[in-house]
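These notes are about the structure you will find just below.
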Amino acid sequence: MLVTSTDLLKVVFAFIIFWIGIWIGFSCFYFAMMARDIWMITRNVKKKLEFVDAILHTVKKRVENTASYMPPLMEGITKIMEAVKEKRKSDESKSRKKKK
């Protein structure tokens, strides 16, 4: 079987090539698994970004709808504040007249 030293060298080379093949196979497998994990992570991130975008779009619509009610609301609050100031002024003037 092993007559010369070249026969031993060929057996060693065959053994080395066998282990290199196994190593390349496992490397390809783990590379494929890492690529799959990266793809799944990016898919999940895309879903979450779409969800956040939908929420922001909804909030934007609601703010725009609410903004259309703001000018009349502010005008009403201003009138109420003016009425309260007038009432306080009249109450203060009445209390001053009573003190004299």
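If the condition is being modelled with pLDDT of 95 or more and either part of a loop (DSSP other than H, G, I, E, B) or hydroxyl-bearing (Ser, Thr, Tyr) (or both), then the range 1-41 contributes Ser27, Tyr30. Scanning the range 26-49 turns up no residue that is touching a helix residue (DSSP H, G or I) at 6+ places or on another chain (Cβ under 8 Å) and without any contact (Cβ under 8 Å) to a residue 60 or more places away in the chain.
The values are calculated or read from the model by the stated rules, or taken from the named source; none is laboratory data. Predicted model only: the values in this text are computed from it and were never measured. Note that we place each Cβ from the backbone using ideal geometry, even for glycine, and neighbour counts take in every protein chain shown.
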